[in-house]
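Below is one structure, written out as structure tokens; comments come after it.
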Amino acid sequence: PLIDVSAAHDATHLSPEAAKVLDAPRDVRAAFVARDLLVRYPAFDAMVERARALALAPARTRAQGLVLSAKSNNGKTTLANSIHSALSKIGDANRPIALSIDVGGATDGKTIYGRILDALGSPARISH
């Protein structure tokens, strides 16, 4: 059985965006609920801002980076995608200023370094 979500229900606790779909057809409501949702916590926004500051900082001989580590299902990929999206608007499409590299399954520095080179489009291969 479906729950009646007619306009007669109080929707003051909902965001305006969510309240708009209350009277929409079932498939529209289902798509709204199933979509990706990002809750922007202050720490999340601070990490995105830190990445932006690193990207916009004056060039240095040794580039700085941002490493994020956490247990599964804690939002690492979501954060990486948000950073990439924010920074892709700043850089040149041919010379990105941010890379997101999946190091899942990597057990040594050589593998991670190889993935970085691959992401940069380098023809070099790690052989030792």
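Tabulated values for the structure
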| item | result |
| --- | --- |
| Pairs with Cβ under 7 Å, 6+ apart, first in segment 62-77 and closer than 16 Å to residue 49 by Cα and at pLDDT 80 or above, second open to solvent by 90 Å² or more (accessible area, probe 1.4 Å) and not β-branched (Val, Ile, Thr) | none |
| Number of positions in segment 35-54 that are at pLDDT below 85 and either farther than 24 Å from residue 17 by Cα or among the charged types (D, E, K, R) (or both) | 2 |
| Residue 103 within 12 Å of the chain's Cα centre (by Cα) and either touching a residue at least 12 places away in the same chain (Cβ under 8 Å) or at positive phi (or both) | no |
| Helices (runs of 4 or more DSSP H) (entirely within segment 29-128) containing at least 1 residues that are loosely packed, with under 11 Cβ neighbours inside 10 Å and not basic (Lys, Arg) | 42-56, 109-119 |
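The values are calculated or read from the model by the stated rules, or taken from the named source; none is laboratory data. As the structure is a prediction and not an experimental result, all values here were calculated from the model. Neighbour counts are summed over all protein chains in view; Cβ atoms, including those assigned to glycine, are modelled from backbone coordinates with ideal geometry. Ligands, DNA and RNA are stripped out before the accessible areas are found, and what is left, the full protein with its side chains, is counted by its heavy atoms. Shrake-Rupley method; radii C 1.70, N 1.55, O 1.52, S 1.80 Å.
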